[in-house]
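Novice: Let me begin by handing over the structure; questions about it come next.
Any read-out appearing in this document is the output of simple, stated calculations on the displayed coordinates, not a laboratory observation. As the structure is a computational prediction, the values presented were derived from the model and not from experiment. Every residue, glycine as well, gets a Cβ built from its backbone with ideal geometry; the counts of neighbours run over all protein chains shown.
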Amino acid sequence: WPASRMSPTSPAASALASARRRLSTPPAAGRRSRGSPAGGGGGVSKKRNSLGGPGPHLVQLNLDFGQSNLGTVTCSGCGMVYSAGNQADAVRHARFHASRRPAAAAATAAASAASASAWRGQQAVKEFFNGDRIVRVSPGAGGGVGWQRAKEIFRLMDEELGQGTEPDAYSGMLVLLYVRHQSGIVGCCIAEPIRTAYRLLPPVEGAEAATERDTEPLPAQCGIHKVWCQSGHRRSGVATALLDAARSCLYLGLQVPLSLTAFTAPTPSGYRLACRYLTTDRPLVY
């Protein structure tokens with residue numbers, strides 16, 4: 001019914017008058033009308049993020065008070081990458097680091113023995129002016145004492161490289177150990193004769209290393225099965241010296257050229273080493 005024909009005291013007329021009063025009265029200060037944002041005005045309320053712009057609400061998980069250890073950290077002892085500002089990550093790192101101590105202790109003991117007279121029976125293939133030397137170990141040389149101690153280094157090397165190989169599997173390969181003066185064994189290289197290898201394809205954009213190889217076989221002579229250096233002695237020429245010695249010792253009276261040297265499927269750090277050593281971004285692999 002039209003409002004002019006309604007009785008002033010009828011329920012419908014009273015409801016209509018009440019609605020008109022609500023619409024004509026502005027919202028009180030500090031109050032928000034339904035469906036409008038603070039400060040008055042109509043429209044739909046929009047969620048805003050912590051920076052004041054539209055978007056989902058963001059939650060800061062780590063508080064930055066200017067501490068120097070915020071962000072990811074690589075432990076020089078165990079190699080684990082973790083978030084130093086995250087308590088749960090720090091606990092996981094502590095557990096993993098502690099689990100590495102037995103292997104590290106065994107390797108340290110073997111390294112200490114490397115500088116003693118027990119290694120006197122091993123063949124020194126390279127000696128340096130500062131007292132460092134590269135020795136060749138094999139199961140039969142020196143009564144096998146050096147080979148038994150070298151097995152501890154093999155276990156540590158395989159653990160750090162994320163590989164598992166029985167130490168006796170290296171018995172038919174060229175095994176070289178870098179013995180640093182007053183530090184013991186700091187590096188190891190295992191090489192073998194090969195005949196063919198394949199060229200690595202360029203890595204995809206954003207990848208740390210190349211993972212695919214060409215299908216065309218190429219001639220090769222020296223296969224670097226593994227090369228390893230203790231974390232505290234890297235970038236000091238240890239790996240390069242071991243690789244040079246491997247190319248010189250693998251064949252009697254022949255030094256294998258760089259162009260005929262190949263690596264097994266390398267880790268990202270191994271890929272970078274292969275590229276630097278062979279002066280190419282597409283090293284040979286086998």
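Novice: Sum up the charges of everything whose Cβ sits under 14 Å from the Cβ of Cys249, counting Lys and Arg as +1 and Asp and Glu as -1, but leave Cys249 out.
Specialist: +1
Novice: Treating only the Cβ atoms of Lys and Arg (+1) and Asp and Glu (-1) as charged, compute the dipole magnitude of the stretch 106-285 about its Cα centre; round to the nearest 20 debye.
Specialist: Charge dipole of the stretch 106-285: 540 debye, to the nearest 20.
Novice: Please identify the trypsin sites (Lys or Arg not before Pro) of the stretch 220-286 that satisfy two criteria: DSSP loop assignment and at most 16 other Cβ atoms within 10 Å. Which are they?
Specialist: Arg234, Arg235
Novice: Additional query: Which whole-number percent is the relative contact order of the stretch 165-233 (Cα, under 8 Å, 6+ apart)?
Specialist: 32
Novice: So, one more: Percent relative contact order of the stretch 141-286, based on C-alpha pairs within less than 8 angstrom and at least six residues apart?
Specialist: 23
Novice: If we sort 183-193, 236-246 on the protection proxy, mean other Cβ atoms within 10 Å, highest first, what's the order?
Specialist: Going by the mean number of other Cβ atoms within 10 Å, highest first, we get 183-193, 236-246.
Novice: Summing Lys, Arg as +1 and Asp, Glu as -1, what charge do residues with Cβ under 11 Å from the Cβ of Gln221 carry, Gln221 excluded?
Specialist: +1
Novice: Can you list the equivalent-ellipsoid semi-axes of the stretch 106-285, largest first and in whole Å, using the square root of 5 times each Cα gyration tensor eigenvalue?
Specialist: Calculated on Cα positions only, the semi-axes equal 28, 17, 15 Å.
Novice: Work through the residues other than Thr280 whose Cβ is under 15 Å from its Cβ and net out their charges, Lys, Arg +1 and Asp, Glu -1.
Specialist: +3
Novice: Right, another one. Which loop-located GluC sites (Glu not before Pro) does the stretch 148-206 contain, where loop means any DSSP state but H, G, I, E or B and the Cβ has at most 11 other Cβ atoms within 10 Å?
Specialist: Glu205
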